[in-house]
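Have a look at the structure below before the remarks.
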Amino acid sequence: MNILKKTLITGVILSSCPAVIANESEGHITELGFKVTPLFEAKLEHNDNIGRYSSSQQPDSSSILEVKPGLMLESDRNGNLYQVAYQIASGRYFDSHDDDYLDHRFTTNNFIQISQRNGIGFNYTYLQLHEERGTGILAGDQLSTIANEPAVYALHNTSITHVYGAKRAKGRIESNLRYEKKTYKNYRDLTTEKLQPLSTKFNDYDEFGGAVAFYYDIKPATDLLFEIDLAERNYQLNDPFSNKSQDDLNAYYLVGTKWDITGKTAGKLRFGLQNKKYKDHDREDFSGFSWDLDFTWKPINYSTINVSASQRAKNPDQGSNYINETRFDGSWQHYWLTHFYSNISLNLVNDDYSSSNRKDDLLETALFFGYELRDYAEITAGWRYENNDSSIAVNSYQQNVFYLATNLIF
């Protein structure tokens, strides 16, 4: 498959529906030529601090059963690719039913090859997800300890991408337009005076964005890239503390490189300037260096190393101004036997809140082992650990999770 088309088609599926990774050999072909792939994942885990409480609180622990059935439809006709996927996730806490959740994920990703040089991609994602206590808008003891259910939100994301340039052309142009809408479903109108400014309705937004990137082939499997990305975010309500606008315009001006050496390494490196400008002139704007890296390396055919890292200013879930975030994510998967593998990962996130003295250093690490019973079935067992060291004591916590899971792709 054309690498560019494969990226356009699978990008949203892989990011929003992690379980939707069907093996090329699995699925069922209908008489009309559609590939139908049923999916099923189940996980039993034990969490020793489900609310992510600080050391000043007595932690709540619970076992959790998560079940995630799903279905994916695919079609590849005359170079035109179509994909639709739906997945539902039900989580039940044995000792804390207030934390139960029901998530929905729907995506459709399509690419139409108009001519040898022109193609159009259309992606749409609908997510109805939850934020666990101690995360997102419910971070910190003052909220996590009184919350009686997870925060629930709906997210719509639509994008249209145009590609100009033949597969082996010296240069090609990719441009896109996108729209995103996020709306919280609960905790919208907190009644107490102290908590009212923390109502989730103040985090609802619409975002319109667009980008154009030019890729120039400098040698086989390696491109230079030049990219401009703009996004305007408009919040439904003003800042609850100042009653002033929260709207902002975010702009990236990037250069970098992209490479894909079959069977060995693939990746993308971008760096440049980020400008984040608020509509309210009293708020502190951001202008500074920004970069991101995605890197995959296969030193041998049964071992894979993935690294991603970035530095950027982003909008916070709590507080007013931006967060200056630096993060590193790395993982190593290695097959010790034909069907037996291990995976170890390490994630480091440093968040510096511009509007306060709050700084968070989050460490996440995980280790799990997997055994592939068949091409369509595997079982995994593992451990996850989180440690958030915050300058705000009630935002510091530690959490351990042990789990056993199975994944089926029919």
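Structure summary
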| item | result |
| --- | --- |
| Identity of the residue in the stretch 373-410, under 20 Å from GLN333 (Cβ atoms) and of a type in the set (Phe, Trp, Tyr), that ends up farthest from the chain's Cα centre (by Cα) | TYR376 |
| Residue that is nearest to HIS104 (Cα to Cα), among those in the stretch 50-82 that are of a type in the set (A, V, I, L, M, F, W, C) and in contact with a helix residue (DSSP H, G or I) (Cβ under 9 Å, 6 or more places away or on another chain) | MET72 |
| Test: residue in the stretch 46-58 that is free of Cβ contacts under 8 Å to residues at least 60 places away in the same chain and either more than 30 Å from ALA166 (Cα to Cα) or aliphatic (A, V, I, L, M) (or both) | yes |
| Residue count for the stretch 390-410, restricted to those that are over 17 Å from ARG133 (Cα atoms) and part of a strand (DSSP E or B) | 8 |
| Residue match in the stretch 87-96 (condition: surrounded by 15 or more Cβ atoms within 10 Å (Cβ to Cβ) and among the acidic types (Asp, Glu)) | no |
| Which listed residue is charged (D, E, K, R) and not in a strand (DSSP E or B), from ARG188, ARG172, ARG178 | ARG188 |
| Tally of residues being in contact with a His (Cβ under 6 Å, 6 or more places away or on another chain) and aromatic (Phe, Trp, Tyr) across the stretch 372-410 | 1 |
| Filtered residues of the stretch 380-410 (kept if farther than 25 Å from ARG358 by Cβ and open to solvent by 70 Å² or more (accessible area, probe 1.4 Å)) | TRP383, PHE402, LEU404, PHE410 |
| Residues located in the stretch 226-256, provided they are exposed (fewer than 15 other Cβ atoms within 10 Å of the Cβ), of a type outside the set (S, T, N, Q) and over 25 Å from GLY272 (Cβ atoms) | LEU237, PHE241 |
| Test set (1) closer than 19 Å to VAL212 by Cα; (2) out of contact with any Leu (no Cβ under 8 Å at 6 or more places or on another chain) - ILE160 fails condition number | (2) |
| Selected residue (only one of GLY165, GLY140, GLY121, GLY136 is open to solvent by less than 30 Å² (accessible area, probe 1.4 Å), on the phi < 0 side of the Ramachandran plot, in contact (Cβ under 8 Å) with a residue 40 or more places away in the chain and not aliphatic (A, V, I, L, M)) | GLY121 |
| Candidate set: the stretch 215-273, residues that are part of a strand (DSSP E or B) and of a type in the set (Lys, Arg); chosen: the one farthest from LYS298 (Cα to Cα) | ARG233 |
| Among residues of the stretch 335-385, those that are closer than 22 Å to LEU408 by Cβ and small (Gly, Ala, Ser), counted | 6 |
| Failed item in (1) hydroxyl-bearing (Ser, Thr, Tyr); (2) surrounded by fewer than 17 Cβ atoms within 10 Å (Cβ to Cβ); (3) farther than 28 Å from ILE409 by Cα; (4) under 20 Å from the mean Cα position of the chain (by Cα), with SER115 passing the rest | (4) |
| Scan of the stretch 346-366 for residues that are open to solvent by 40 Å² or more (accessible area, probe 1.4 Å), within 20 Å of the chain's Cα centre (by Cα) and either within 11 Å of GLY319 (Cβ to Cβ) or of a type in the set (Asp, Glu) (or both), ordered by number | ASP361, GLU364 |
| Pick from the stretch 44-54, criterion touching a Phe, Trp or Tyr at 6+ places or on another chain (Cβ under 8 Å) and open to solvent by 40 Å² or more (accessible area, probe 1.4 Å), ranking: nearest to THR125 (Cα to Cα) | LEU44 |
| Selection count where residues are touching a residue at least 40 places away in the same chain (Cβ under 8 Å), open to solvent by 30 Å² or more (accessible area, probe 1.4 Å) and not in a strand (DSSP E or B), scope the stretch 143-158 | 3 |
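The values are calculated or read from the model by the stated rules, or taken from the named source; none is laboratory data. These figures come from a predicted structure and were not determined experimentally. When we count neighbours, we look across all protein chains shown, and the Cβ atoms used for this are built from the backbone with ideal geometry, even at glycine. Just so you know, the surface numbers come from the protein's heavy atoms only, side chains and all, with ligands and any DNA or RNA stripped out. Shrake-Rupley method; radii C 1.70, N 1.55, O 1.52, S 1.80 Å.
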